[in-house]
Amino acid sequence: MTNQEVCAQLHKLSPEVEVVALVGPSGALEGYVGPAEVEAIVGPMLTPLFTLADRAGQELGRGVLNLLITEGSRGLIVAHDLGGGRALALVVRPGAALGLLLDDLRAAADQLNRLAA
């Protein structure tokens, strides 16, 4: 299975998931499923978000960043740190079952880490 196939599989699990993006250390996408108009901004947008959240976690004594959830009036952005500067991110419509979504996200993250090893 490839990175792209894991992203596509995760995208199919919930109709509320609009975007699945696997972002590499440089901000480049290593896998993507979603609208073309969003593709160019996902990587460059997530990289500084993760950097800031990781720094906040360190300085507040919460340890290394693992998961970032941002909720807006029109849905969520959920990102899981995969280590090595990589992250798996979802853009989700309102109404998604967050617990199930997190389980699916973690399972996909484990699969992607096994592929990278």
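Below is a table of values for the structure above.
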item	result
Enumerated strands (runs of 3 or more DSSP E) restricted to segment 1-96, each holding at least 3 residues that are touching a residue at least 24 places away in the same chain (Cβ under 8 Å), touching a helix residue (DSSP H, G or I) at 6+ places or on another chain (Cβ under 9 Å) and of a type in the set (Gly, Ala, Ser)	none
Members of segment 97-117 that are more than 12 Å from LEU22 (Cβ to Cβ), part of a helix (DSSP H, G or I) and either among the acidic types (Asp, Glu) or free of Cβ contacts under 8 Å to residues at least 40 places away in the same chain (or both)	LEU98, GLY99, LEU102, ASP103, ASP104, ARG106, ALA107, ASP110, ARG114
The one condition in (1) of a type in the set (Lys, Arg); (2) exposed (fewer than 12 other Cβ atoms within 10 Å of the Cβ); (3) closer than 14 Å to CYS7 by Cβ that ARG86 fails to fulfil	(2)
VAL38 of a type outside the set (Gly, Ala, Ser) and modelled with pLDDT of 95 or more	no
Test: residue in segment 41-58 that is out of contact with any Ser or Thr (no Cβ under 8 Å at 6 or more places or on another chain), exposed (fewer than 14 other Cβ atoms within 10 Å of the Cβ) and closer than 23 Å to THR2 by Cα	yes
Failed criterion for GLY95 (all others in (1) of a type in the set (Gly, Ala, Ser); (2) surrounded by 14 or more Cβ atoms within 10 Å (Cβ to Cβ); (3) on the phi > 0 side of the Ramachandran plot hold)	(2)
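The values are calculated or read from the model by the stated rules, or taken from the named source; none is laboratory data. The structure displayed is predicted, hence computed values, not measured ones. Backbone-built Cβ (ideal geometry, glycine too); neighbour counts: all protein chains shown.
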